[in-house]
Amino acid sequence: MKKTEIIPVCVYRNPEHEETTKRELVQAQEALQSVLDVWNGLDLVPITDIFQLIMNPSKIYSEAIDKLAVVPVQAGRFQVSKEAYINTLDIPIPDSLYQSAKAARQQSFCAIPGLWSIEGSKVDLNESEALNYVNAMNIYTDDPGKINLAKDISKLCDLLNSLNKRCNNEILPLSPWTYNFFRGKFELKESGNCWTVSPKIETLKKWIQI
């Protein structure tokens with residue numbers, strides 16, 4: 001008899017984190033594409049590792065120049081060093097490369113090697129790896145009891161917020177008592193002259209033992 005595959009259920013979603021992460025991934029890809037475009041514009045050698053390019057642009061640039069600059073064979077005792085020979089060449093200025101690499105290093109997700117690859121002249125995002133970051137604040141389980149507990153906790157938050165709104169904000173007032181009671185158990189966010197509550201991911205994981 002074929003064993004039925006159990007698919008985990010998402011028992012808690014953080015849409016705000018999902019959208020923020022997706023937006024930052026798009027911004028990171030744009031920043032990395034800018035670096036790659038600058039590099040390709042220098043017309044040196046093909047690059048295969050975008051991570052190394054943003055982390056060590058000076059090294060990558062110097063290695064490319066060293067590879068391309070071939071000192072011509074000279075007659076006589078006195079030879080020109082490779083460094084001296086390179087100084088006579090009209091080589092591309094790398095300032096824009098260094099600036100774009102610096103900007104990329106300051107952008108979230110750019111400096112994560114497993115997320116990015118180069119395909120031709122484009123920076124590609126590893127979609128399956130990116131999904132791990134998008135879903136990092138979501139909770140999944142395949143245990144029926146844990147699923148029901150997580151649903152009940154979410155329902156409790158929704159009920160408290162709804163009752164508070166219908167009861168003139170007297171259930172979740174902006175008071176030290178309210179804050180101290182919910183602190184560490186739920187997320188509290190100021191909303192006008194009251195709090196709103198939502199599941200706290202660390203505590204929720206503890207309660208449903210994930």
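The values are calculated or read from the model by the stated rules, or taken from the named source; none is laboratory data. Keep in mind it's a predicted model, so treat the numbers as computed, not measured. Cβ atoms come from the backbone with ideal geometry, glycine included; neighbour counts cover every protein chain shown. Heads up: the accessible areas ignore ligands, DNA and RNA and are worked out on the full protein's heavy atoms, side chains in. Shrake-Rupley method; radii C 1.70, N 1.55, O 1.52, S 1.80 Å.
Quick look at the values:
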quantity: Pair list, Cβ < 6 Å and 6+ apart or interchain, from the range 17-40 residues that are within 22 Å of residue 61 (Cβ to Cβ) and open to solvent by less than 20 Å² (accessible area, probe 1.4 Å) to residues that are in a helix (DSSP H, G or I) and of a type in the set (Val, Ile, Thr); calculated: 32/50; 35/54
quantity: Matching residues in the range 53-79 - criterion: being assigned to a helix (DSSP H, G or I) and either at pLDDT 90 or above or closer than 17 Å to residue 38 by Cβ (or both); calculated: 53, 54, 55, 57, 58, 59, 60, 61, 62, 63, 64, 65
quantity: Some residue of the range 9-19 being at pLDDT below 95, closer than 30 Å to residue 120 by Cβ and not polar (S, T, N, Q); calculated: no
quantity: Among the candidates 113, 94, residue that is modelled with pLDDT under 95, open to solvent by 50 Å² or more (accessible area, probe 1.4 Å) and in contact with a Phe, Trp or Tyr (Cβ under 6 Å, 6 or more places away or on another chain); calculated: 113
quantity: Tally of residues being touching a strand residue (DSSP E or B) at 6+ places or on another chain (Cβ under 8 Å) and either open to solvent by 60 Å² or more (accessible area, probe 1.4 Å) or modelled with pLDDT under 95 (or both) across the range 41-52; calculated: 3
